[in-house]
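All remarks here apply to the structure that follows.
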Amino acid sequence: MYLATTGRRSDPSSRPAGVGRRVPGTVVALGAVSLVTDVSSEMVTAVLPLYLVLGLGLSPLQFGFLDGMFNGATALVRLLGGRIADRGGGRHRTVAGAGYLLSALSRLGLLLAGGAAGGIAAALAADRLGKGVRTAPRDAMISLSAPPEALGRAFGVHRAMDTTGALLGPLVALAVLGATADAYDAVFVVSFAVGLLGVLVLVLFVPGGAAGPPAVAQPVRPARTTGRRVPGRRAPGDPAFRRVVAAATLLGAATIGDSFLYLLLQRGLGLAPALFPLLPLGAAACYLLLAVPAGRIADRIGRRTPFLYGHGALLLAYLALLVPVGPATAGLVLVLLGAFYAATDGVLMALAGPALPARGRAGGLAVLQTGQALARLVGAAGFGAAWTWWGARPALAVAAVALAAGLAAARRVLPDGRPS
């Protein structure tokens, strides 16, 4: 049960959750930071495979090894970023800013590497480390800035702005390449400048210090041994939070990775390699359109249901790929994939946030994000091995069965997540 300390605000039970509430300025500012930063990062992501494989002569195996190794390191660095952010009364903006700055400087590192393998590896490592450090403190600031009953909408707005940057980044990269006769160095310079702009927006418009929600919903739970009620703190070991982590990790291990889905679509459609980047853009566009509505629905009915239905949409995408793929099937899969992210990414943070104390929220969210990310790496590796041994269709059928079983288990494990 919860005792709501609302201060000057009216009782949230008197109106539907999320109705008539504006998104806090801190959330909008963080969304702007993510938008600008994603333009910078996706500019590099869009051209990096071509630069490394075609420009510098790395083999696909070498590029895949570098990318996979640093993505795995990102998941572990999140724990460090969350722990540091929670110390000293809340250093969320400082730690997040350091992560954004490190990612921006990595673009300069690619420019200065000059084709040297060690320099390229260092630049990629800096980018992934920056992303890992900033993610948990940023999500903690969002969680602490919005009232508990409007967290779904707040995360939806942030994720929509973040995805807007992801859509614009490749377009900006293509424009720069077109204007400079395929000069990759120009892309890195522009990306570096845009990344620094994101850091500047963070410094100027995101409040510093320890954030706190306008209305704090304080959990009160009876102590099992004494019968006393212990107000106000839920540690990462709290049963509700443990259930969220367990469900997210279980479902993460049952996902196969977006790249495999895009590859299956490309093979089924016989799509030219030059058109392959359009597939992620299609899914991102659906995510952008659905992120805010999904967050609002989660605030109204509880975050557990959208999170489960989002994974149900992913299951439908797996099943759709088991039949012969045509344009209609491809469109359906992209819509379902966008709906999956809209109903799960920010909604999961909104579900877990209230189960954590304010002073330990960044660290707790880092634990959740790390567990989910590592589970997804395991799931993707397992699907890749199954595809190699059995073929694409049998491997996808096994993945669908695993996801269905994970959904059944998560349905029993997840707390409701309905704000009081």
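The values are calculated or read from the model by the stated rules, or taken from the named source; none is laboratory data. In this text, all values refer to a predicted model and were calculated from it rather than measured experimentally. Methodologically, a virtual Cβ is constructed for each residue, glycine included, from the backbone with ideal geometry; neighbour enumeration extends over all protein chains shown.
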Restricting attention to the range 253-307, which residues are of a type in the set (S, T, N, Q) and farther than 20 Å from Pro354 by Cβ? Thr255, Ser259, Gln266
Limited to the range 10-31, what total is found for residues that are modelled with pLDDT of 70 or more and either assigned to a loop (DSSP other than H, G, I, E, B) or buried (at least 21 other Cβ atoms within 10 Å of the Cβ) (or both)? 6
Matching option when the condition is more than 15 Å from Leu30 (Cα to Cα), at pLDDT 85 or above and polar (S, T, N, Q), among Thr180, Thr225: Thr180
Residue set Val189, Val203; condition in contact with a Gly (Cβ under 9 Å, 6 or more places away or on another chain) and in contact (Cβ under 8 Å) with a residue 40 or more places away in the chain; output residue Val203
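Table: residues versus (1) among the hydrophobic types (A, V, I, L, M, F, W, C); (2) surrounded by fewer than 20 Cβ atoms within 10 Å (Cβ to Cβ).
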residue	(1), (2)
Asp258	no, yes
Leu261	yes, no
Gln266	no, yes
Leu271	yes, yes
Pro280	no, no
Ala283	yes, no
Leu290	yes, no
Pro293	no, yes
Ile301	yes, yes
The range 154-177: number of residues that are over 15 Å from the mean Cα position of the chain (by Cα) and modelled with pLDDT of 95 or more: 0
Specify the residue that is surrounded by the most Cβ atoms within 10 Å (Cβ to Cβ); the eligible residues are those in the range 60-100 that are at pLDDT 75 or above and either among the hydroxyl-bearing types (Ser, Thr, Tyr) or farther than 30 Å from Phe205 by Cβ (or both). Tyr100
Go through the residues of the range 304-322 one by one and say whether even a single one is among the charged types (D, E, K, R) and in contact with an Asp or Glu (Cβ under 8 Å, 6 or more places away or on another chain). yes
Search result, residues across the range 368-418 that are of a type in the set (A, V, I, L, M, F, W, C), under 30 Å from Asp299 (Cβ atoms) and in a helix (DSSP H, G or I): Leu368, Ala373, Leu374, Ala375, Leu403, Ala404, Ala405, Leu407, Ala408, Ala409, Ala410, Val413
Of all residues in the range 322-370 being closer than 17 Å to Leu271 by Cβ and in contact with a Gly (Cβ under 6 Å, 6 or more places away or on another chain), the one that is modelled with the lowest pLDDT: Val325
Cβ contacts < 6 Å: first residue within 19 Å of Leu348 (Cβ to Cβ), restricted to the range 156-170; second residue acidic (Asp, Glu), any location; separation 6+ or different chain. Result? Arg159/Asp345; Asp162/Asp38; Ala166/Asp38; Ala166/Glu42
